[in-house]
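*Asks:* Here it is, the structure, as structure tokens.
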Amino acid sequence: MTQGVGKQPRQGISLFNQIKQKGVGILWHNRKIKAILVLICANVINNIVSFSINIIIARRFGPEIFGVFSLAWSVMMAVHLIADLGLNLTIVRFFNLYRDDSKQQNVLLVSLLLLKLSVALIVIFVSLPLGGALSQLFTSSGSHSFLFSLAFASAGIFGLWVYFQNFLQAHKQFSKYAVFTVVYA
């Protein structure tokens, strides 16, 4: 039952027993656990940066501008969710369905990328007129049309970013995914 130095743990020993025998440090030698921990760290950094930006905007610009910013952010996220059309889940789900056929995987990824690009261009194209309408609808002065147009256009760009995240997940490139998550923050 002894193992040589530098050898991988035997398959018959559960991860829990390995931790009991060798300590928590063994987790860094397990690729799956390491990938999960790296992703968790990247998401924590991303969330801390996002939270900090909200605090900075609120303190620097005051409650009125922060409220408009938050409303524009909500518009961006709502438009993104509607414009997504459920494609992000489709990428990971169907990519794994075709795991034995790389040609089908490539057809899927290219088709969904073209569809996401088309949706992004449509969203960006309609952002100017809809930004003005949203500004008049949600603010008393209607003077924030550029911010709402930018939020609307950002939804299309954000959709492409999420496609790229799902592309990396489908290819199980979790280290790159973590790096891009931190860079995005």
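The values are calculated or read from the model by the stated rules, or taken from the named source; none is laboratory data. These figures come from a predicted structure and were not determined experimentally. Cβ coordinates were reconstructed from backbone atoms using ideal geometry, including for glycine residues, and neighbour counts include every protein chain displayed.
*Asks:* Of Ile157, Ile124, which residue is under 22 Å from Ser50 (Cβ atoms) and without any contact (Cβ under 8 Å) to a residue 40 or more places away in the chain?
*Replies:* The unique qualifying residue is Ile157.
The rows are residues; the columns are (1) modelled with pLDDT under 80; (2) surrounded by fewer than 21 Cβ atoms within 10 Å (Cβ to Cβ); (3) β-branched (Val, Ile, Thr).
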site: Leu137; (1), (2), (3): no, yes, no
site: Ser141; (1), (2), (3): yes, yes, no
site: Leu150; (1), (2), (3): no, yes, no
site: Gly156; (1), (2), (3): no, no, no
site: Trp161; (1), (2), (3): no, yes, no
site: Phe164; (1), (2), (3): no, yes, no
site: Gln169; (1), (2), (3): no, yes, no
site: Val179; (1), (2), (3): yes, yes, yes
site: Val183; (1), (2), (3): yes, yes, yes
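*Asks:* How many of the residues making up region 88-105 are part of a helix (DSSP H, G or I), at pLDDT 85 or above and loosely packed, with under 12 Cβ neighbours inside 10 Å?
*Replies:* 2
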